[in-house]
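The block underneath contains the structure these notes are about, expressed in structure tokens.
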Amino acid sequence: MNLPKNKTIRSLTSIREEVPKKWYLFGVCITFLLLFLFWGGFSFINIVDEVFLPTPNAVVFSLAHSFGSPEFWEHIGISVYRVFMGFLLACVIGIPLGILAGTFKFAESFILPMSEFIRYMPAAAFIPLIMVWAGIGETAKILVIFIGCFFQLILMVADDTNRISKDLLYASYTLGANRTQVIFKVIIPALLPKLMTTLRLIMGWAWTYLVVAELVAANNGLGYFIMKAQRFLDTESIFVGIIVIGLLGLIIDRAFAIANKKLFPWVEGGN
Amino acid sequence: MVTIVQPKVVVDPVDIEIEISGLSKIYETKNNTFQALEDVSLYVKNEEFVSILGPSGCGKSTILRILAGLEEATSGSVKVAGEEVQGPSVKRGMVFQSYTLFPWLTVRENIEFGLKLKGVSSKERKDISDKYLELVGLERFANSYGKELSGGMKQRVAIARSLANSPEVLLMDEPFGALDAQTKQSMQQLLLDIWKKEKTTIVFITHDIDESIFLSQRIYVMDARPGKIKEEINADLQLFKNGELVEVDRFMKLKKHIITLLKH
């Protein structure tokens, strides 16, 4: 038996242990490669009709073409604007409420049960109502994203706040801190790194709701771009729209991760 | 036989720093009540090092938390420096078993935390934190964050952070409970040195018999369910010299006595 080889297999199948970096990279590359291989295989040999599944190179070509057109950048711009407005609105109201609910039991009684209740109502179901109330302008789209993010955000921030060790608060009391100081000098600084992680997740939700909002009533934005492509059976553009949203999400996610590392170098176990 | 258990000495009331009398604590849950402490009375003299020793769940930490003002007594009186305890205060510093460093602050900023709240000027703060960094031997780590420190070092920062506030009393809730044996020993020696230098009154909670004998002048041995004081033991017997056990027989006798006490 080949002993070294055996050792590699043992190390690669060990539960929750680290594996060599090159093997990890190998796994990442192989999945992407396989995806393209299958996609290419199905489309080039025409197992699936080109109308339903365009070839990878057609999509790449279309992507490059889209990036060359100012109109496409306007779609990206308006979508990013909607996502950030909805997200920021949810943050500005949701974060303080979440901190409040995670800090004071009495405040929690006002905030949490209601949020738990509403968060199970699908945000997409609110769209008709929002259209009645706010029309089909920008406000409506931002509101859909807001509703999708807001209640989740409150619950997660409240939970993050609640997880801060009580001993940390007790220690601050014995060091002379009063309640206001405990909130601003202990709870909030302790919360920040977890809050960033939560915001990162919520940002993902915001993109999901963007597409929902734009699929229904819009005449610009990436969701609309996809919708319009569907009408003309332009599957290449549908692919382009989806990939661009994915890329934007990835860029924002990486930005959050880097910011987290830069802003909170003190976090135990890294970020 | 060597008298280990000594008759209660009459203490000059002027010397008394902490006085607890008839302290009871009852926790009420939905369908039953639990008596954590029953009629606990004890005193601690000024500049004295007293341990409260008992099995887990005997309520020894509850006594300390009530002393710190973090919990309220159901009945009885708890006085520190002649004043009834009402809520937490800088006068009573506390070191916890869990690591309670503020992870977003450096070691120095941790030590200065209480001073900053009090509005002490930055120059004065630096002088004080320098002094306590040196006292606990962490000068080199002044600008490190908690994540770079070992468990023992974190507890040294916690001690320094409490002392920087110059409290009248230092309350310690099994501070070395999570440390390995070697670190624990060196921390105990360090604590004794600090106590001798700083002349702080210390109340130390532990379930470790050796630790309580090594550190304290007097030990209150507790009984569980309900938690009450079983016996007060004078442990200031000079059994150790420079941290080494020199009076093995007397130490063993005292230890055996406490073991029997804890077994009933």
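Modelled this way, with points 7 Å down the Cα-to-C-beta line, the labels at residue A:44 and residue A:254 are 2.8 nm from one another. Solvent-accessible area lost on pairing B with A (1.4 Å probe, both sides summed) amounts to about 2000 Å². Less than 12 Å Cβ to Cβ from residue B:204, Lys/Arg counted +1 and Asp/Glu -1: what total charge do the surrounding residues give? That works out to -3. Of the solvent-accessible surface of chain A, computed with a 1.4 Å probe and all protein chains present, 70% belongs to carbon and sulfur. Translational diffusion of the stretch A:143-253 was estimated from the Stokes-Einstein equation, with Rh taken as the Kirkwood radius over Cα pairs; at 10 °C and 1.306 mPa s the coefficient is 95 µm²/s. Over the C-alpha atoms of chain A, the Rg to Rh ratio, Rh being the Kirkwood estimate, stands at 1.07. Here the protein assembly as shown yields Rg over Rh of 1.12, to two decimals, using C-alpha coordinates and the Kirkwood radius. Of the peptides A:198-208, B:161-171, B:135-145, the ranking by mean beta-carbon count within 10 Å, highest at the top, reads B:161-171, A:198-208, B:135-145.
Here's the list of lysines a cross-link from residue A:7 could span, going by alpha-carbon distance under 19 Å and ignoring same-chain residues fewer than 8 apart: A:21, A:22. Counting every pair of alpha carbons in the stretch A:77-116, the share spaced more than 14 Å apart comes to 54 percent. Legend: mean number of C-beta atoms from other chains within 10 angstrom of residue C-beta atoms, peptide B:94-101, equals 5. What is the percent carbon and sulfur in the accessible area of chain B, measuring with a 1.4 Å probe over the protein chains and ignoring ligands? Carbon and sulfur: 48 percent of the exposed surface of chain B. Solvent exposure of residue B:232, expressed as accessible area, is near 50 Å², computed with a probe of 1.4 Å over the protein chains only. Per-residue mean of foreign Cβ neighbours for A:196-205 is 0 (Cβ atoms of other chains, 10 Å radius). For B:223, B:130, the ranking by accessible surface with the largest value first comes to B:130, B:223, using a 1.4 Å probe.
Our summary of shape: the Cα atoms of the stretch B:128-264 have principal axis extents of 49, 36, 28 Å, ordered from largest down, in whole angstrom. Of B:241/B:263; B:196/B:253; B:30/B:154; B:45/B:230; B:79/B:184; A:166/B:228, which sit over 28 Å apart, Cα to Cα? Over 28 Å Cα-Cα: B:241/B:263; B:30/B:154; B:79/B:184. Only helical runs count toward this figure. For the protein assembly as shown, summing -39,500 (n - 2.57) over DSSP H runs of n ≥ 4 and dividing by all residues gives -18500 deg cm²/dmol at 222 nm.
Using R0 = 60 Å, the C-beta based FRET efficiency linking residue B:15 and residue A:118 works out to 0.45. Taken over the stretch B:108-166, the alpha-carbon convex hull comes to 69 cubic angstrom per residue. Binning the C-alpha pair distances of the stretch A:20-106 at 10 Å intervals from 0 yields a P(r) profile of 13, 19, 21, 24, 16, 6, 0 %, listed from the shortest bin outward. Rolling a 1.4 Å probe over the protein chains gives residue B:108 an accessible area of about 50 Å². Convex hull volume per residue, computed on the Cα atoms of chain B, equals 146 Å³. Taking every protein chain into account, the accessible area of the stretch B:14-263 amounts to 45 square angstrom per residue (probe 1.4 Å). Once you've got the GNM for chain A with C-alpha springs shorter than 10 Å, pick whichever of A:137, A:27, A:223 has the biggest mean-square fluctuation. Residue with maximal mean-square fluctuation among A:137, A:27, A:223: A:27. Legend: residues A:75, B:257, A:65, sorted from most to least accessible area (1.4 Å probe; ligands, DNA and RNA excluded), read A:65, B:257, A:75. Of the whole protein surface, residue A:29 contributes about 80 Å² of accessible area at a 1.4 Å probe radius. Other protein chain C-beta atoms within 10 Å of residue C-beta, averaged over A:159-172: 4. With a 1.4 Å probe rolled over the protein heavy atoms of all chains, the accessible area of A:175, A:97, A:233 falls in the order A:233, A:97, A:175, largest first.
The values are calculated or read from the model by the stated rules, or taken from the named source; none is laboratory data. Model, not experiment: these values are computed from the prediction. In this analysis, Cβ positions are derived from the backbone assuming ideal geometry, glycine residues included, and neighbour counts consider all displayed protein chains. Surface areas here come from the heavy atoms of the whole protein model, side chains and all, with no ligands, DNA or RNA. Shrake-Rupley method; radii C 1.70, N 1.55, O 1.52, S 1.80 Å.
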